[in-house]
Amino acid sequence: METTLVLLKPSCVQRQLIGEVVTRFERRGLRISGMKMMQLSTEILREHYAHLADKPFFPSLAASMQASPVVAMAISGVDAVKVVRAMAGVTNGREAAPGTIRGDFSMSNQQNIVHASDSVENAAIELRRFFRPEEIFDYQSGAFGYIYGDGECK
């Protein structure tokens, strides 16, 4: 099983789409292993977006990510990173396929509803950035045997 980070961005929070997006992950069979609402500081944004911090658009990006609290989630499942990224869709909502979160709820490259870790390695780094170890829970859902077939869980 993998655990990945998802941030429900201010565009999600302000548009009151939190429940809709969380429901999509749960209906897919992914487990919410941790969840909290938080206001992002400039320091955490500079760390999280270190690859963009020197770009001219970073102040606009930071302002959009601080427009309201975000919901940080640790989401677990088999191949969770890949599954969550596919569910999120491509970054630019105008280019995202219908049926993806961004394709259904976003028309923007920046106001694009969710952040999802892009690799198992980055997921581990990002989870440590947003969660203390005791805030991520390992439990098995009663539906587990109806989500995965025999031998599918690593």
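The values are calculated or read from the model by the stated rules, or taken from the named source; none is laboratory data. Just so it is clear, the model here is predicted, and its values are computed rather than measured. Backbone-built Cβ (ideal geometry, glycine too); neighbour counts: all protein chains shown. Ligands, DNA and RNA are excluded from the accessible area calculation, which covers all protein heavy atoms including side chains. Shrake-Rupley method; radii C 1.70, N 1.55, O 1.52, S 1.80 Å.
Please specify each residue of the range 40-67 satisfying the condition of being open to solvent by 100 Å² or more (accessible area, probe 1.4 Å) and closer than 24 Å to Arg128 by Cβ.
Correct list: Glu43, Arg46, Glu47, His51, Asp54.
I need the helices (runs of 4 or more DSSP H) fully contained in the range 1-114, keeping only those with at least 2 residues that are among the polar types (S, T, N, Q).
Output list reads 10-14, 58-65.
Inside the range 98-109, can you point out the residues that are touching a residue at least 24 places away in the same chain (Cβ under 8 Å) and under 18 Å from Leu61 (Cβ atoms)?
Within the range 98-109, Ser106, Ser108 meet the criteria.
Residues being surrounded by fewer than 19 Cβ atoms within 10 Å (Cβ to Cβ) and either touching a Gly at 6+ places or on another chain (Cβ under 6 Å) or outside any loop (DSSP other than H, G, I, E, B) (or both): count how many of those fall in the range 115-139.
11
Which pairs turn up if I take residues in the range 1-22 that are under 30 Å from Gly151 (Cβ atoms) and look for partners that are in a loop (DSSP other than H, G, I, E, B) and open to solvent by less than 10 Å² (accessible area, probe 1.4 Å) with beta carbon separation below 6 Å, at least 6 apart in sequence or on another chain?
If the second residue must be in a loop (DSSP other than H, G, I, E, B) and open to solvent by less than 10 Å² (accessible area, probe 1.4 Å), the pairs left are Thr4/Ser117; Leu5/Ser117.
For a quick check of your reading of the model, give me the residue pairs whose first member lies in the range 80-97 and is buried (at least 21 other Cβ atoms within 10 Å of the Cβ), whose second is in a helix (DSSP H, G or I) and polar (S, T, N, Q), with beta-carbon atoms closer than 9 Å and at least 6 apart or on different chains.
Close Cβ pairs satisfying both conditions: Val81/Asn122.
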